[in-house]
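**Q** Here it is, the structure, as C-alpha cells.
The values are calculated or read from the model by the stated rules, or taken from the named source; none is laboratory data. The model shown is predicted, which means the values in this text are computed figures rather than measured ones. Note that we place each Cβ from the backbone using ideal geometry, even for glycine, and neighbour counts take in every protein chain shown.
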Amino acid sequence: MKKEELVAEIKRKQSFLCVGLDTDLNKIPKHLLDTEDPIFEFNKQIIDATKDYCVAYKPNIAFYECLGKKGWESLEKTMEYIPENIFTIADAKRGDIGNTSSYYAKTFFEYLNFDSVTVAPYMGEDSVTPFLQFEDKWVIVLALTSNAGALDFQFVKDAQGEELYKKVLRKTSEWGTPENLMYVVGATRAEGIGEVRKTVPNNFFLVPGVGAQGGSLEDVAQYGFNEDCGLLVNSSRGIIYAGQGEDFAQKAAEAAQAIQQDMHKILQAKGW
Ligand SMILES: O=C(O)c1cc(=O)[nH]c(=O)n1[C@@H]1O[C@H](COP(=O)(O)O)[C@@H](O)[C@H]1O
C-alpha cells in the first residue's frame, strides 16, 4: 500500500487505529475451541466486527509460529481474509545478515503479502535494507519501545550525549524514505514521542502501548501527529479480549469503536 492510500483511509474512516491480532488459544472464548481452526475463527469474527473502525491489522507472528504448521495456516487464512484496503503489519521483529534478511522479506512481503514488517535494527544497514527493496512495502524499525527493557540500551548516551534511539533514527532514515520506512514508538513514553517526531518529522509511527499497557491516546496525538497524521496506534488485548463470552466480537467492536470515536475527535480538531 502507498502512503497516499493509507492517509486517504485514515481520513475516510476517521481512524488511525491498528488492531493487534495477538491471538492466544489460552485467551480466546472456550466455545471456539471446538471449531476446526479456532485461531482463524476468532480472527475472522474480530475482523468482521472491527474492520470499519480500524485502518490496520497487526498479527503478532509469535502467536502463530508457536503452533507450528497449524498456526502458519491460521495466519495465511487470516491474511487472505483481511480486506484489501486495510494496511497489514507482520509483527515479526526480524533482521539478520543481508541474504537472510532478504528471505525474511520474501516470506512476509511475497508469500504472505503483508504491507509491512517490524525489524530490529541492531545488526545494522545490511540487515535492514533488504526489506526496503520491495515496491509499496514498508519496514517498521524498532526505535523507542514501550517495554521496561527499553531503558537497557535505547537511552544509553554516546560520548556526544546522544541517546542510542536517536542514532538509530538518524542512521536508518538515510536508508529509506517516509514512503517506505516507519518507526515503532511506544505510547508509554509520551515525551519520547515528541523527541522522535523532532528527529524524523515525516515518517509514520506505529505506536503500541495504549490500552493494556496504559499509554494515553491524547498524549500520543499531542506529541506525534504530523501533516499526514503520521500515526498508527495499536491496541491488541484491550480490543480482542474485551469480552470473553459468545458476544466477544460485539465487545471487540464496541472497544474498537470507542477508540475510533476518540480518534475522530482528535482528527476533527486538526481539521481533518
Ligand atoms: O512492535 C510492536 O508492535 C511492539 C513494540 C513495542 O515497543 N511494544 C509492544 O507492545 N509491541 C507489540 O504491540 C502489541 C501490544 O499489545 P497490547 O499491549 O495487548 O495492546 C504486542 O503485539 C507487542 O508485541
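**Q** I'd like to know if the stretch 8-16 contains one or more residues that are within 16 Å of the ligand (Cβ to nearest atom), assigned to a strand (DSSP E or B) and within 22 Å of Asn180 (Cβ to Cβ).
**A** no
**Q** In the stretch 101-122, which residue that is among the β-branched types (Val, Ile, Thr) and either loosely packed, with under 15 Cβ neighbours inside 10 Å or closer than 19 Å to Phe153 by Cα (or both) is nearest to the ligand (Cβ to nearest atom)?
**A** First pass over the stretch 101-122, keeping only residues among the β-branched types (Val, Ile, Thr): 107, 117-119.
So of that shortlist, the ones also either loosely packed, with under 15 Cβ neighbours inside 10 Å or closer than 19 Å to Phe153 by Cα (or both) come out as 118-119.
On the way: Thr118: 5, Val119: 10 Å.
This residue is Thr118.
**Q** Would you please name the residue that is nearest to Asp136 (Cα to Cα), looking only at residues in the stretch 54-78 that are in a loop (DSSP other than H, G, I, E, B) and under 18 Å from the mean Cα position of the chain (by Cα)? Write out each step before concluding.
**A** Taking the stretch 54-78 and keeping what is in a loop (DSSP other than H, G, I, E, B), we get 54-55, 61, 66-67.
If we keep only those that are under 18 Å from the mean Cα position of the chain (by Cα) as well, we get 54-55, 61.
Details: Cys54: 20, Val55: 16, Ile61: 21 Å.
Here the answer is Val55.
**Q** Every residue in the stretch 169-192 that is at pLDDT 95 or above and surrounded by 21 or more Cβ atoms within 10 Å (Cβ to Cβ), please.
**A** Step one: filter the stretch 169-192 for residues at pLDDT 95 or above, giving 169-185.
Across the stretch 169-192, the qualifying residues are Leu169, Thr172, Leu181, Met182, Tyr183, Val184, Val185.
**Q** Okay, next question. Could you give me the residue pairs with C-beta distances under 8 Å whose first residue belongs to the stretch 113-124 and is more than 22 Å from Arg170 (Cβ to Cβ), whose second residue is part of a helix (DSSP H, G or I) wherever it lies, and which are 6+ apart or on separate chains?
**A** So the pair list comes out as Asn113/Met79; Phe114/Met79; Phe114/Phe108.
**Q** Residues in the stretch 79-101 that are within 16 Å of the chain's Cα centre (by Cα) and either at pLDDT below 95 or not small (Gly, Ala, Ser) (or both): how many?
**A** First, the residues of the stretch 79-101 that are within 16 Å of the chain's Cα centre (by Cα): 79, 82, 85-94.
Okay, now just the ones that are also either at pLDDT below 95 or not small (Gly, Ala, Ser) (or both), so 79, 82, 85-89, 91, 93-94.
Total meeting the criteria: 10.
**Q** Just for the stretch 123-140: of the residues that are more than 10 Å from the ligand (Cβ to nearest atom) and aliphatic (A, V, I, L, M), which one is farthest from the chain's Cα centre (by Cα)?
**A** Taking the stretch 123-140 as the starting set, the residues that turn out to be more than 10 Å from the ligand (Cβ to nearest atom) are 123-139.
The next check asks that each one be aliphatic (A, V, I, L, M); those that pass are 123, 128, 132, 139.
Working: Met123: 21, Val128: 17, Leu132: 17, Val139: 11 Å.
Result: Met123.
**Q** Okay, next question. Looking only at residues in the stretch 26-66 that are within 16 Å of the ligand (Cβ to nearest atom) and aliphatic (A, V, I, L, M), which one is surrounded by the most Cβ atoms within 10 Å (Cβ to Cβ)?
**A** The first filter runs over the stretch 26-66 and keeps only residues within 16 Å of the ligand (Cβ to nearest atom), leaving 26-28, 39, 42-43, 46, 50, 53-66.
When the remaining residues are screened for being aliphatic (A, V, I, L, M), the result is 28, 39, 46, 55-56, 61-62.
Details: Ile28: 21, Ile39: 25, Ile46: 24, Val55: 27, Ala56: 25, Ile61: 22, Ala62: 13.
Among them, the one singled out is Val55.
**Q** A further question follows. Which pairs have Cβ atoms under 9 Å, sit 6 or more apart or on different chains, and link a residue in the stretch 2-14 that is within 12 Å of Met263 (Cα to Cα) and in contact (Cβ under 8 Å) with a residue 12 or more places away in the chain to one that is acidic (Asp, Glu) and not in a helix (DSSP H, G or I)?
**A** Ile10/Asp228; Lys13/Asp52
**Q** Let me ask something additional. All but one of (1) of a type outside the set (Asp, Glu); (2) under 15 Å from the mean Cα position of the chain (by Cα); (3) under 22 Å from Leu6 (Cα atoms); (4) at pLDDT 95 or above hold for Gly209; which doesn't?
**A** It is condition (4) that Gly209 fails.
**Q** Anything in the stretch 110-145 that is of a type in the set (Val, Ile, Thr) and in a strand (DSSP E or B)? List them, or say none. Before you say what the answer is, go through the steps one by one.
**A** In the first step, residues of the stretch 110-145 are kept if they are of a type in the set (Val, Ile, Thr); the result is 117-119, 128-129, 139-141, 145.
The answer is Val117, Thr118, Val119, Val139, Ile140, Val141.
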